[in-house]
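Each value in this text was obtained by applying a stated rule to the coordinates, not by laboratory testing. All of these numbers come straight from a predicted model, not from anything done at the bench. We place every Cβ from the backbone using ideal geometry, glycine too, and count neighbours over all the protein chains shown.
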Amino acid sequence: MILIFFGPPGSGKGTQAQRIKDKYNMYHMSTGEALRSEVAAESELGLAAKAAMEAGELVSDEIVVGIVSNALNIVGGYDGIILDGFPRNLDQAKILDEKLEESDKKIDAVISLEVDREMILKRLAGRRMCQGCKTDYNVYFNPPPDDNECPKCGDQVICRKDDNEQTILDRLNVYENETFPLKEYYASKGLIHPISSSDIDSVFHECCKAIDSAKD
Ligand code: AMP
């Protein structure tokens, strides 16, 4: 099964994908996470991606398509793949279609997480993450301890570099101009499952319903 998690930054794609991957035994491919690991490792790819990421812009299609192609070739052990944060523009969507067609695969569902702008701003500005176990926190909704030591693994809870006010606004603009048009692209193929913002458990429940209906 191939699932796309679609939605603006801060819509909860990563949070839901984490839960869905466990329930459905799927491989979670987050292009943002993969790129952050490359940046942290100071690899050639990471160095090429860093400036665009810190500015809230899209990294080149060539780089992200390379990362996703590797993940698509993963076989065995999983019952599918979740694409989280990919595709982010029409060219990426078309390249994905071609790659899937070559290997006789298809997208089963595009889960569209819909959240209003005010909530997104709060989620992103307040977002924190443990750099060790990747547990999510939010200074407004689920604050980390005062000393920023993760209670789960003891590592530091940090703020992503691109979760500052200016970069958040830039990322939202990129989303509206380049990524949002994909909704129409996938709607025309009958693949979109819209899910309105709510608490994490309710959204998870709706995601499961959408996935189960796409499997039938
Ligand atoms: P995310 O964690 O999904 O919010 O992604 C963080 C950053 O990684 C984005 O702001 C982009 O700079 C870069 N990025 C992630 N996915 C893509 C993609 N599919 N295409 C281009 N850039 C991406």
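Let a ≥ b ≥ c be the square roots of the eigenvalues of the Cα gyration tensor of the chain; is it rounded (a/c under 1.5), or, if not, prolate (a/b larger than b/c) or oblate? The shape class here is rounded. Pairs from the list LYS13/LYS105; LYS13/LYS152; LYS134/LYS209; LYS161/LYS215 with a Cα-Cα gap above 31 Å: LYS161/LYS215. The stretch between ARG117 and ASP212 holds 31.3 nm of extra length on full extension. This uses 0.36 nm per residue minus the Cα-Cα distance. Calculated on the alpha-carbon coordinates, the convex hull of region 15-85 measures out at 93 cubic angstrom per residue. Between GLU165 and HIS205, full extension at 0.36 nm per residue minus the direct alpha carbon distance yields a gain of 11.2 nm.
Within the chain, what's the longest stretch lacking chymotrypsin sites (Phe, Trp or Tyr not before Pro) that sit in DSSP loops with no more than 13 other Cβ atoms inside 10 Å?
1-139
Does region 56-176 come out rounded, prolate or oblate, given a ≥ b ≥ c as the square roots of the eigenvalues of its C-alpha gyration tensor, rounded meaning a/c under 1.5 and, failing that, prolate meaning a/b above b/c? Verdict is prolate for region 56-176. Between ASP162, ASP22, ASP84, the GNM of the chain built on Cα springs shorter than 10 angstrom shows ASP22 fluctuating the most. Using DSSP to call loops (not H, G, I, E or B), can you name the GluC sites (Glu not before Pro) in region 41-120 whose Cβ has at most 13 other Cβ atoms within 10 angstrom? Listed in order of number, the matching sites are GLU42. Based on DSSP H segments of at least four residues, each scored -39500 (n - 2.57), the chain has a per-residue ellipticity at 222 nm of -14000 deg cm²/dmol.
Applying a 4.7 Å Cβ-Cβ cutoff to the chain, the cysteines left without a disulfide-compatible partner are CYS159, CYS207, CYS208.
Placing +1 on the Cβ of every Lys and Arg and -1 on the Cβ of every Asp and Glu, with no other charges, gives region 61-109 a dipole of roughly 80 debye about its Cα centre.
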